[in-house]
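Accompanying notes for the structure given below.
The values are calculated or read from the model by the stated rules, or taken from the named source; none is laboratory data. Remember, it's a predicted structure, so these values are computed and weren't measured experimentally. Note that each Cβ is placed from the backbone with ideal geometry, even for glycine, and that neighbours are counted across all protein chains shown. For the accessible areas, the whole protein counts, side chains as well, though only heavy atoms, and no ligand, DNA or RNA atoms are used. Shrake-Rupley method; radii C 1.70, N 1.55, O 1.52, S 1.80 Å.
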Amino acid sequence: MTEIVSLPITSWDQPISSEQQTLAIDALESGNVVLLPQLPFVVRDDERPLLESDVMQGIKNVSLSPSNGSFKGSKGSEAEQQQLQAMMMRFATATRTLANNLLSPYEHGLQQARASFRPVEIAGRPTSWRKDDTRLHVDNFPSSPTLGKRILRVFSNINPNDQPRVWRLGEPFESVAKRYLASVPKPMWGSSAVLNALGITKCPRSAYDHYMLRLHDSMKADLKYQAEVDQHEQLFPANTTWMVFTDQVSHAAMSGQFVLEQTFLLPVEFLRHPAQAPLRVLERLTGRGLV
Ligand SMILES: [Fe+2]
């Protein structure tokens, strides 16, 4: 079962002992969630109006690329958009600092990808089954193959009304893989080149990405599995932060509104326990290299 490992970290830039670093890394790589219950991302008073539903009405996801400032999906006046962009950049900087301190053995491998702001209430939001993140799944990016890199995500619940973010957490990655791998067809020869040539993917999809995508879809399409698999509910209170390898941990976001999220990618060679990585698990189960 996925465990929640809490650490008493109270600021984004505090030095962290090597014992705590090892504790966090071992927990994350074993498929657990690291919860920082005393680490809020503080929304300033002048930013509070951004957390009122009418400013962000109808917006599912605003994204920011911290490396080049590219900012997508926002609404509202120009001033509001600039304010949101600045708040997200502050969050991106804070998470990078935290990652460098808490996960310092990863420092030279962590690639900071997009940050996102999710202002919509999850519960009751209409969506297709494949995009329905209230179903248990493991993450992958259909158009941006990771080629085996890990997906590490840092979340902060910034809900102004003390509303928790409610997740379900499911079975370990290897159990998911063993359950569905036999029913996943092998990648079709030439298909990754075609998808890439058509611009559907940003680089050719590796066999690893093929299997991860199919595992994601198999889990979400299987309603009996969703109902019956070993799972538990987990609440992340407002003003807390948590991090998790979402390519490994079966998760579903059931309810909640206003969360900030920062994605990092990490090549497998930087892991302390690479045998636990989805890439290595799938290679072991399929008996071949997948990247
Ligand atoms: Fe997810």
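Give the angle, between 0 and 90 degrees and rounded to the nearest 10, that separates the Cα long axis of helix 78-102 from the longest principal axis of the Cα atoms of the chain.
So the inclination is approximately 60 degrees.
What's the Cα-based Rg to Rh of the chain, Rh via Kirkwood?
0.95
Quick one: with all protein chains in place, what share of the accessible area of the chain is carbon or sulfur, to the nearest percent (1.4 Å probe)?
The nonpolar share, carbon plus sulfur, comes to 53 percent.
Measure off 7 Å from each Cα along the Cα-to-Cβ vector at THR97 and LEU23, then give the distance between these two points in nanometres to one decimal.
Placing both labels 7 Å along Cα→Cβ, they lie 2.2 nm apart.
Just the number please: accessible area per residue for the chain, 1.4 Å probe, all protein chains included, in Å².
Each residue of the chain exposes 45 Å² on average to a 1.4 Å probe.
Report, in degrees rounded to the nearest 10, the 0 to 90 angle that the Cα long axis of helix 18-29 makes with the longest principal axis of the chain.
With both axes taken from Cα atoms, the answer is about 50 degrees.
If I take R0 = 30 Å and measure r between the Cβ atoms of VAL42 and SER77 in this structure, what FRET efficiency does the formula 1/(1 + (r/R0)^6) give, to the nearest 0.05?
0.80
Please go through the stretch 13-108 and write out the trypsin sites (Lys or Arg not before Pro) that DSSP classes as loop and that have at most 13 other C-beta atoms within 10 Å.
Loop-located and lightly packed - ARG44.
Roughly what % of DSSP beta bridges within the chain run antiparallel, to the nearest 5?
Here the share of antiparallel DSSP bridges comes out near 90 percent.
What is the stretch 4-286's relative contact order, in percent, from Cα pairs under 8 angstrom and six or more apart in sequence?
Relative contact order of the stretch 4-286: 32 percent.
Answer rounded, prolate or oblate for the stretch 199-287, using the Cα gyration tensor with square roots of eigenvalues a ≥ b ≥ c: rounded when a/c is under 1.5, else prolate when a/b is larger than b/c, else oblate.
Prolate is the answer for the stretch 199-287, as a/c is 1.5 or above and a/b outweighs b/c.
For the chain, what is the mean residue ellipticity at 222 nm derived from helices alone (per DSSP H run of n ≥ 4: -39500 (n - 2.57); sum divided by total residues; nearest 500 deg cm²/dmol)?
-8500 deg cm²/dmol
Just tell me which lysines come within less than 28 Å, Cα to Cα, of LYS220; anything on the same chain fewer than 8 places away is out.
LYS60, LYS72, LYS131, LYS149, LYS178, LYS186, LYS202
Which longest uninterrupted range of the chain lacks any GluC sites (Glu not before Pro) assigned by DSSP to a loop state (not H, G, I, E or B) and surrounded by at most 15 other Cβ atoms within 10 Å?
Counting only loop sites that pass the neighbour cut-off, the longest clear stretch is 122-291.
Considering only the other residues whose Cβ falls under 13 Å of the Cβ of HIS232, what net charge follows from Lys and Arg at +1 and Asp and Glu at -1?
Residues close to HIS232 contribute a combined charge of -3.
So which chymotrypsin sites (Phe, Trp or Tyr not before Pro) in the stretch 171-240 end up in coil per DSSP with only 10 or fewer other C-beta atoms within 10 Å?
Answer in residue order: TRP189.
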